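Values in this text are rule-based calculations from the coordinates and carry no lab data. If you're wondering where the values come from, they're calculated on a predicted model, not measured in any experiment. Heads up, the Cβs are rebuilt from the backbone with ideal geometry, glycines too, and the neighbour counts pull from every protein chain shown.
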Amino acid sequence: MILDAIKELNDIKKVDPGDYEKLAQEIRDFLIEKISKSGGHLGSNLGAVELTMALHLFLDLPEDKIVWDVGHQSYTHKLLSGRKEGFDHLRSYGGMSGFPKTKESEADCFNTGHSSTSISAGLGLVAARDIKGTDETIVAVIGDGALTGGMAYEALNNAAKLETNYIIVLNDNNMSISENVGGMSKYLNSIRTSDLYLDIKDDIYYKIKDLPPGGKVVDSVRKVKSSLKQLVVPGMFFEDMGLTYLGPVDGHDINAMVRAFKEARRRKKAIIVHVITQKGRGYEPALRHPARFHGTSPFDVETGLPLKQGKAAYTDIFSTVMCKLGARDERVVAITAAMPDGTGLKRFRNMYPDRFFDVGIAEEHAVTFAAGLAAAGLRPVVAIYSSFLQRAYDQILHDVCLQKLPVIFAVDRAGIVGADGETHQGIFDLSYLSSIPNMTVMAPKNKWELSDMLKWAITADRPVAIRYPRGEAYAGLSEVRAEIQYGKAELLFAEGDICLLALGSMVETAEEVRTRLRERGLKCSVVNARFAKPIDEFAVKWASDNHRLVVTMEENVASGGYGEQVRSYLDTLDNPARLLTIALPDDYVEHGNVDVLKKHLKIDPDSITERILGERPF
């Protein structure tokens, strides 16, 4: 295999050009085989194979730099930089990350994981290069989906002023996670399909290529070409901003892309090289179901079907309840930031298309848009992953909570999410949401409580955030279903000695800890906290008055979390019980299996039990 000869950075330059197509196929076969076992981002990587090969052929890495936007399309980059063996442990604890990581390879110049950041980071590298007086080539690779994020336009606006080279590769496959939406998508589609423009451009080239050289001819051609772009390609958005546009280029034609990159490097300004790729190329199931294969669990290569059919997840429960709420209350509207499938809003979109809004990868806009809807009397539900919602902190604080508008935040993927690692772990939301005045923060103990909390939140005349984890919804404790009351916890077991104040996903863990403690002869009460803000001071005081040790349990960093709020309240009491806070360390959590990570971080039942026993005497 040709791929076997790629053992270190720049080995691709030793490959015969006649073998490029064969190497591309080998890479696709390799990725399909490995990701079918480990899970990971498949569709985006299959689409970027030739693009990545062209970049590695064009650049001299690691001296030259590539910044991958999001980075979920960097698997071929990892292969071509000598990390083939790492795919045996892709996204596993201690193994290779699914995103660029500077600690993994000198070929990775910048850590990424969230959308629309690459142009800004690349601009920083360009400025640093010019200050230092070096001459490396800087390339940012950004998908058309990421151009729905406002940060990209802030960077493009800044890049337009450059008088030095900077190459921005627009990898255009008409997809982000789901199909792209909005004006930029329509604009790029007009370029993709503008055969008239391409035919005219080629016709002009062939007519003038044999003319005598001369500045007047060149200037005239440039003026004509610019006029034709304005006439035939609607808007010429990038050039109107002051950026030079090259393309579109076939993103699966390596030689064409290398030629375009070389032309781009000759210019002393920011250049957009627009390449057209096909998400999921080379694997029929990924072509048919691009959203499902954006980030996939292990699957059968022949059929493309998941190897394990999971039970109902919290996202599924949210989806079902939202459809019911939509039927009961015409004020209910749903908003997502480019993730109707991932957040479970696809069914709501199909049932109530006029009350569903996909705003693209634009979390800040999503939140302020929701504030406008709420100000007009509607009940907007904003469904966004925990780690992505943190991008809209300012909008939550100023546009929603300052006005006390009834916006409901469905905070999916809260807590440890696993294989996507540091940029995707939802371990900060309790802290950043609880710091905001007028915000109510809730977390359900099981699937029925998620339903009850959503129904309650729709009736609440205030901002409400409900955070719930990724994966299977807990079905235990179905016999305990107290009515939701503002700021009130729920008593599950009342005994003595120790009281576990558990929030959300940690209630299930608290049940298991209680069983272990009782086996050791200790009495243990369990309180389902329900509210991270406001905390139930009555329940905390009861726990302190009637137990020798109070234990808070949360799947969030310790700083600013539920445990800190409980400690602050206990400090106001006379002779409070001892307090043990179980939370995550104030650090980033790497990728890996969720159960493995919980054990490593000591928030699994065995570790918590041992920590409690270590507090003796109470």
remark   = D (µm²/s, integer) via Stokes-Einstein for region 296-336, Kirkwood Rh across alpha-carbon pairs, 10 °C, 1.306 mPa s: value 125 µm²/s
request  = Report the Stokes-Einstein translational diffusion coefficient (µm² s⁻¹, integer) for region 98-144, Rh taken as the Kirkwood radius over Cα pairs, at 37 °C with viscosity 0.692 mPa s.
outcome  = 280 µm²/s
query = When Rg is the radius of gyration of the Cα atoms in region 394-519 and Rh is its Kirkwood radius, what does Rg/Rh come to?
reply = 0.99
remark   = Fraction of alpha-carbon pairs in region 276-388 farther than 25 Å apart, rounded to whole percent, equals 32 percent
query = DSSP beta bridges in the chain, what fraction antiparallel, as a percent rounded to 5?
reply = 15 percent
query = What ³J(HN,Hα) values, in whole Hz, does the Karplus curve 6.51 cos²θ - 1.76 cosθ + 1.60 give for region 289-300 when θ = phi - 60°, with x put for Gly and Pro?
reply = 10, x, 5, 5, 9, 4, x, 10, 7, x, 9, 7
message = List the residues, sorted by chain then number, that are 5 or more residues from residue 422 or on another chain and whose placed amide H is less than 5 Å from its amide H.
response = 591
key: Contact order normalised by residue count of region 490-613, Cα under 8 Å, 6+ apart, percent   = 27 percent
request  = List the residues whose amide H sits under 5 Å from the amide H of residue 332, counting only those 5 or more places along or on another chain, with H placed 1.01 Å from N in the peptide plane.
outcome  = 379
task = Towards the positive end of the charge dipole of the chain, with charges on Cβ (+1 Lys, Arg; -1 Asp, Glu), say which of 440, 463, 59 has the farthest Cα.
result = 463
task = Counting residues in region 490-613 as N, plug N into 2.2 N^0.38 Å and put the Cα Rg over that result.
result = 1.00
J(HN,Hα) series, region 404-419, from Karplus relation 6.51 cos²θ - 1.76 cosθ + 1.60, nearest Hz, glycine and proline x = 6, 7, x, 9, 9, 9, 8, 8, 7, 6, 7, x, 7, 9, x, 5
Rg/Rh ratio calculated on Cα atoms of the chain (Kirkwood radius) = 1.03
note = Here FRET efficiency (C-beta to C-beta, residue 302 to residue 25, R₀ 25 Å, nearest 0.05) is 0.90
message = Please list, ordered by chain and number, the residues whose modelled amide H lies under 5 Å from the amide H of residue 556; skip anything fewer than 5 residues away on the same chain.
response = 584
message = Explain nothing, just the number: relative contact order of the chain, from Cα pairs under 8 Å at least 6 residues apart, as a whole percent.
response = 11 percent
task = Ratio to report: Rg/Rh of region 314-467, with Cα atoms as the point set and Rh obtained by the Kirkwood method; give two decimals.
result = 0.92
